[in-house]
1. Could we say that Ala316 is away from the ligand (no atom under 16 Å from the Cβ), of a type in the set (A, V, I, L, M) and part of a helix (DSSP H, G or I) here?
2. I need the full set of residues from the range 289-313 which are within 16 Å of the ligand (Cβ to nearest atom) and either in a loop (DSSP other than H, G, I, E, B) or over 30 Å from Thr136 (Cα atoms) (or both), in order please.
3. Before we move on, is Val92 farther than 30 Å from Ala174 by Cα and either among the polar types (S, T, N, Q) or buried (at least 17 other Cβ atoms within 10 Å of the Cβ) (or both)?
4. Please pick out the residue among Arg80, Arg45 that is without any contact (Cβ under 8 Å) to a residue 60 or more places away in the chain, in the same structural domain as Leu26 (by TED's automatic domain parsing) and surrounded by 13 or more Cβ atoms within 10 Å (Cβ to Cβ).
5. Restricting to the range 357-381, give me the number of residues that are in contact with a helix residue (DSSP H, G or I) (Cβ under 6 Å, 6 or more places away or on another chain) and of a type outside the set (A, V, I, L, M, F, W, C).
6. Looking for something among the hydrophobic types (A, V, I, L, M, F, W, C), buried (at least 18 other Cβ atoms within 10 Å of the Cβ) and within 21 Å of Ser309 (Cβ to Cβ) - is there at least one such residue anywhere in the range 242-259?
7. Can you give me the number of residues within the range 250-278 that are within 16 Å of the ligand (Cβ to nearest atom) and either within 25 Å of Leu383 (Cβ to Cβ) or part of a helix (DSSP H, G or I) (or both)?
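The values are calculated or read from the model by the stated rules, or taken from the named source; none is laboratory data. These numbers were taken from a predicted model, which means no experiment stands behind them. Here Cβ is always computed from backbone atoms with ideal geometry, including for glycine, and neighbour counts include all displayed protein chains.
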Amino acid sequence: MIRRGLAVLLMIVLLCVPVSAREVTLYSVGGREKTVSSDEAGSWRQKGWFDRDEVYTDIYSGDGQEREVLNIELSLWEERGWREDPEQLRTVLYSWDGTSEKVWNDFVQERMDNGWVRTPEEVQTALCDGSGNWETVWNAEVEGRLADGWYRTEEEAKVRLYDGDGNSKTVWKAESEALLAQGWSLTPPAPAETAPANVPSDGRPMVALTFDDGPGPYTDRILDCLEKNGAKATFFVVGNRLGTYAAQLRREAELGMEIGCHSWAHSSFTSLGASGTAADIKRTNDRVEELTGVRPMIVRPPYGSHNASVREAAGAPFILWNIDTLDWKTKNADSTFNAVLDKVKDGDIVLMHDIHSPTADAVERIVPALVKRGFSLVTVSELAAARGGMSAGKAYSSFR
Ligand SMILES: [Zn+2]
């Protein structure tokens, strides 16, 4: 028993010997290495040798690379843009759906070219409900909210009501139902003998049908119908589709339809920012002009998303709409037809999309029905001209 205990003790001693005589690697400030026993390390340190982490520092570059450099070379690396603190080289960016990400600075421009922005406010939009409550939402939610009865402006969230005695008042849409039940009406009483000043000289009410996101495979059907009925419309085209559908684009121009800009790739202008928007619109308009010889004069912002700085950068009027058919959502010709025919009034701008087959079905009924009701179907610019014109940098949703 004692003998076995001695044997164990001997093994422990043997194991400890290399530990006590451990080797240590030390470094000079210039990065030379020296391996010494731990017993001698103290005296080498006094002679100006150091542990590795006293001589080297980890640094980062703007594209996320990491490297270890000698402290004496640190300032040289800093001059080249490398930093000890990676946080100095990263920027928080936001996308239109509210996600945020820390991005290495070298990749910030690339992200911003793809719609990321530096502050959340740039990818948020304030919306108003039918009772006047405002809420700020991510741009990705805007279309859904608009479909649920939210509005971009207080004006759109209100409605003008008329009674039989010549009185009228503007109320929140949420309040209008009760008033309608009390006999107020959405339509003014029959006009007096003199026509209102805004009716065009031939006396017919005017409406501007507009088609976004094309050209596409159903554009020709819509053009056939417009041509057959002597009607005009406006096509807000997307630049990256023009190569595939150049024939449809040229036909739009040849038939006297108006061609407007709907961005190069359907990016939100508020996400692109002012200079990004200006470049995007120029690229799209250059392409339209190259293919048709006509340069678009008006802009429809994707998602209806705009603010004063992008409007100013665009240098053109922004054309919104006051009748949203939601054709892209319902994909139902009856619903699109009713959305127009139930509401349409003189000066309205109707939003549709010529990339859906049910929309073409609806147009084949809407156009003759409007003509039959006495409407003159005109382009946006024709409508604006009849109502006192429009200005660059301003947004219009109807021309009453
Ligand atoms: Zn669009």
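1. Criteria not met by Ala316.
2. Once the filter is applied, which keeps residues that are within 16 Å of the ligand (Cβ to nearest atom) and either in a loop (DSSP other than H, G, I, E, B) or over 30 Å from Thr136 (Cα atoms) (or both), the range 289-313 yields Pro296, Ile298, Arg300, Pro301, Ser305, His306.
3. For Val92, the condition - farther than 30 Å from Ala174 by Cα and either among the polar types (S, T, N, Q) or buried (at least 17 other Cβ atoms within 10 Å of the Cβ) (or both) - is not met.
4. Arg45
5. Summing the residues that are in contact with a helix residue (DSSP H, G or I) (Cβ under 6 Å, 6 or more places away or on another chain) and of a type outside the set (A, V, I, L, M, F, W, C) in the range 357-381 gives 5.
6. Looking through the range 242-259, none of the residues is among the hydrophobic types (A, V, I, L, M, F, W, C), buried (at least 18 other Cβ atoms within 10 Å of the Cβ) and within 21 Å of Ser309 (Cβ to Cβ).
7. Number satisfying all stated conditions: 11.
Every residue, every condition in (1) farther than 22 Å from Glu156 by Cβ; (2) more than 16 Å from the ligand (Cβ to nearest atom); (3) modelled with pLDDT under 95; (4) in a loop (DSSP other than H, G, I, E, B), yes or no:
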position: Thr336; (1), (2), (3), (4): no, no, no, no
position: Val340; (1), (2), (3), (4): no, yes, no, no
position: Val350; (1), (2), (3), (4): no, no, no, no
position: Val363; (1), (2), (3), (4): yes, yes, no, no
position: Ser391; (1), (2), (3), (4): no, yes, yes, yes
position: Arg400; (1), (2), (3), (4): no, yes, yes, yes
